[in-house]
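Trainee: First the structure, which I've put down as structure tokens, then a few questions once you've had a look.
Just so it is clear, none of the values below were taken in a lab; they were calculated from the coordinates. What you are looking at is a predicted structure, and each value in this text was computed from that prediction instead of being measured. Here the Cβ is made from the backbone with ideal geometry for all residues, glycine too, and neighbour counts use every protein chain on show.
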Amino acid sequence: MLHRMPAADRVSVPPSRAGPARKIFLSVAMLALSVEATVGAQEVKAPGAQLVATVPSHADSAKAPANSTDSTAKAAAAAAALPKWFDELAVNAFVSTAYEYNGNRPTTGANSYRVFDFSDNSFNLDVAELVVQIAASKPNDAGFRVDFDAGNSIPQITKTQDQTAAQFDLKQAFASYIAPLGSGLRFDVGKFVTHLGYEVIEGYDGYNDNYSRSILFGYAIPFTHTGVKASYAFSSKVAGMVEVVNGWDLLRDNNRSKSVGAQLTLTPIAPLSVLLNWIGGPELANDNHNNRNVFDVVAIFKPTGALTLGLNGDYGKENGTSLVNPGSDATWKGIAGYATYALTSKFSVALRGETFHDEDGVRLGTGTRAILSEGTFTPSYKFTDHVLLRGEARYDKANQPILTRKGTLSDKQTTVAANVIFVY
């Protein structure tokens, strides 16, 4: 999910290289050597006595340039001793915090059918993320990426099913290598975000136009995978990816079969991108035969520099798991539409509308045929390249009372939220 939609469309700040860190190291080294030289030149009295400033002699003055040159040389040598890969290391950070209010005032204190914004009437640290990586970008390059996440919201949801820690998650941890075949055949091995969906989990290199996530994001598709994937760009207009993974949101597989995923990215014209995604395989514990398949399509169209339109559709099916007709296959489907318009270089507004059909009561867990729809309005203001403020108003509507309202259930839910993002 971290890159469920093309990250290039949400990039806010490029990765920080290690150059600044090396400069800091050089400065500290020079400072330490300068302090050492200064202490050696001072006359210090016995304890309890006053410190008397010493006037440098002509001989000391003559030595100063040599000492300064020597100190600089030592510091430069220390900096040069750093490993070469240190210059390629990038470190970035992302923090998202918010407040949300639910008009239904659920006694549980939790919003119904939300994935990351589930806390009602609460200030919340959604996530604090640190990303450390060496990016592989050309043939024969090798690299890695590790995303350390902590917080009250995102890590609790994105953590794998077999992980016990609630407020910490290694959202991604993978190694990369680009084989020198054609334009470069890329391999990633480890844990990585899913390729399905329009929206992303959010991080320094990608955030959504809305604060809350879509129903499709939370209930139609997985979050992360652990395994291996291979990606290849056939041309500037066609790229593909295949993967073999443990399944949905698992570090260790829960059965003896693996899941297979694929993606085909098409860019027929510059303003339009279409991504065709699929993942399939047994996902139930100790069950190697009942397959779960999800087909996902994402389309992004930018008719002008200020306007972005998006479409996301999902269809899922799992053998023999229906709760409405026991023994039958369970199916789910949904569609979401997006529109974002930049009124100025700093202020933009975003709209999202969607509907999700859980035909067999499995994905939402109702045990009945449930339909859940929502509409969301999100204005955003970017103070700087590092600070973003978002407001949000969202209305959910179901075909039956499945949304918590005080001590009962309702078919409606309205929430308002304010969200601040810091990106470095």
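Trainee: Using the beta-carbon distance between Ala306 and Leu409 and R0 = 51 Å, what value does 1/(1 + (r/R0)^6) give for FRET efficiency, to the nearest 0.05?
Mentor: That gives a FRET efficiency of 0.75.
Trainee: Under the Karplus relation 6.51 cos²θ - 1.76 cosθ + 1.60, θ = phi - 60°, what is the ordered set of whole-Hz ³J(HN,Hα) values for region 230-242, x standing for Gly and Pro?
Mentor: Computed from phi, the couplings for region 230-242 are 10, 10, 8, 9, 6, 6, 5, 10, 9, 9, x, 8, 10 Hz.
Trainee: Follow-up. Using the basic label-point model (7 angstrom from Cα toward the beta carbon), what is the Thr368 to Leu185 distance in nanometres?
Mentor: 5.3
Trainee: If r is the Cβ-Cβ distance from Asn293 to Arg105 and R0 is 51 Å, what FRET efficiency results, to the nearest 0.05?
Mentor: 0.85
Trainee: For the pair Gln161 and Trp85, what calculated FRET efficiency results from E = 1/(1 + (r/R0)^6), where r is the Cβ-Cβ distance and R0 = 45 Å, to the nearest 0.05?
Mentor: Efficiency, from the Cβ-Cβ distance: 0.85.
Trainee: Quick one: net charge around Leu284, please, counting Lys, Arg +1 and Asp, Glu -1 for every other residue with C-beta under 11 Å from its C-beta.
Mentor: The answer is -2.
Trainee: Through the Karplus equation 6.51 cos²θ - 1.76 cosθ + 1.60, θ set to phi - 60°, convert the phi angles of region 393-400 into ³J(HN,Hα) values in whole Hz; use x for Gly and Pro.
Mentor: Listing the rounded values in order: 10, 9, 10, 10, 9, 10, 7, 7 Hz.
Trainee: Using mean Cβ contacts within 10 Å as the protection proxy, how do 288-297, 390-399 order, highest first?
Mentor: Averaged packing, sorted descending, gives the order 390-399, 288-297.
Trainee: Under a Cβ-Cβ cut-off of 12 Å, what is the net charge of the residues other than Ser322 that fall near it, where Lys and Arg count +1 and Asp and Glu count -1?
Mentor: Result for the neighbourhood of Ser322: -2.
Trainee: A further question on this structure: Any idea what the relative contact order of region 264-400 is, in percent, if you count C-alpha pairs under 8 Å spaced at least 6 apart?
Mentor: Over region 264-400, the number comes to 14 percent.
Trainee: What is the gain in length, in nm to one decimal, between Ala150 and Thr72 on full extension, counting 0.36 nm per residue of separation less the C-alpha to C-alpha distance?
Mentor: 24.0 nm
Trainee: Taking amide H positions as placed 1.01 Å from N in the peptide plane, with prolines and chain starts having none, which residues 5 or more places from Arg405, or on another chain, fall under 5 Å of its amide H?
Mentor: Close amide H contacts, sequence-distant or interchain: Ser410.
Trainee: Subtract the Cα-Cα distance of Val242 and Val324 from 0.36 nm times their separation in residues, and report this length gain in nm to one decimal.
Mentor: Extending this stretch completely gives an extra 26.1 nm.
Trainee: Tabulate in residue order the Karplus-calculated ³J(HN,Hα) for region 116-122, using 6.51 cos²θ - 1.76 cosθ + 1.60 with θ = phi - 60°, rounded to whole Hz; enter x for Gly and Pro.
Mentor: 9, 9, 8, 8, 8, 6, 8
Trainee: Sticking with the crude label model, points 7 Å out along Cα→Cβ, report the distance from Tyr341 to Ala285 in nm, one decimal please.
Mentor: Between Tyr341 and Ala285, the label points sit 5.0 nm apart.
Trainee: I've got another one for you. Skipping prolines and chain starts, which residues have an amide H placed within reach, meaning under 5 Å, of the one on Gln172, given they are 5 or more residues away or on another chain?
Mentor: HN-HN under 5 Å from Gln172: Asp147.
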